[in-house]
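Single-structure report; data block below.
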Amino acid sequence: MSENAEMENRSFEQNMARLEQIVALLERGDARLADSLALFEEGTKLVSLCSGMLDNAQQQIMKLRKGPDGQLEEAPFEEDVQQ
């Protein structure tokens, strides 16, 4: 199984945990340059994947509300967000 396929099969939480590990390894600063580059590349893929997972989750968040005819309808969660 390729690294990308493996990432896609893991949960959001598992990917975030791996990203945290990568950040910790890079922050230590004792990895060889080639290893640091490989970790950075994996980390950027994880950031992109996790961002996409969050976007998909946001699109799925729906709430029920009464429409003009009194019937319940689904509306995007964002409609009630106040700044």
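Could you please tell me which pairs satisfy a Cβ distance under 6 Å, a separation of 6+ or placement on different chains, a first residue in segment 32-47 that is more than 15 Å from F12 (Cα to Cα), and a second residue that is open to solvent by 30 Å² or more (accessible area, probe 1.4 Å) and assigned to a helix (DSSP H, G or I)?
Close Cβ pairs (under 6 Å, with a partner that is open to solvent by 30 Å² or more (accessible area, probe 1.4 Å) and assigned to a helix (DSSP H, G or I)) amount to L39/L25; L39/L26.
Would you mention how many residues in segment 29-47 are open to solvent by less than 100 Å² (accessible area, probe 1.4 Å) and of a type in the set (K, R)?
Residues in segment 29-47 being open to solvent by less than 100 Å² (accessible area, probe 1.4 Å) and of a type in the set (K, R): 1 in total.
Residue-wise test of (1) acidic (D, E); (2) touching a residue at least 12 places away in the same chain (Cβ under 8 Å); (3) open to solvent by less than 60 Å² (accessible area, probe 1.4 Å).
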site: R10; (1), (2), (3): no, no, yes
site: A17; (1), (2), (3): no, no, yes
site: Q21; (1), (2), (3): no, no, no
site: A24; (1), (2), (3): no, no, yes
site: E27; (1), (2), (3): yes, no, no
site: L49; (1), (2), (3): no, yes, yes
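Which one of these is more than 11 Å from the chain's Cα centre (by Cα), on the phi < 0 side of the Ramachandran plot and not aromatic (F, W, Y): L46, L19, L39?
L39
Which numbered condition trips up S2, out of (1) closer than 16 Å to L54 by Cα; (2) loosely packed, with under 14 Cβ neighbours inside 10 Å; (3) not aliphatic (A, V, I, L, M)?
The one condition S2 does not meet is (1).
The values are calculated or read from the model by the stated rules, or taken from the named source; none is laboratory data. Being a predicted model, the structure only gives us computed values, none of them experimental. All Cβ positions, glycine included, derive from the backbone under ideal geometry; neighbour counts span all protein chains shown. Protein only, heavy atoms only, side chains kept; ligands, DNA and RNA dropped before computing areas. Shrake-Rupley method; radii C 1.70, N 1.55, O 1.52, S 1.80 Å.
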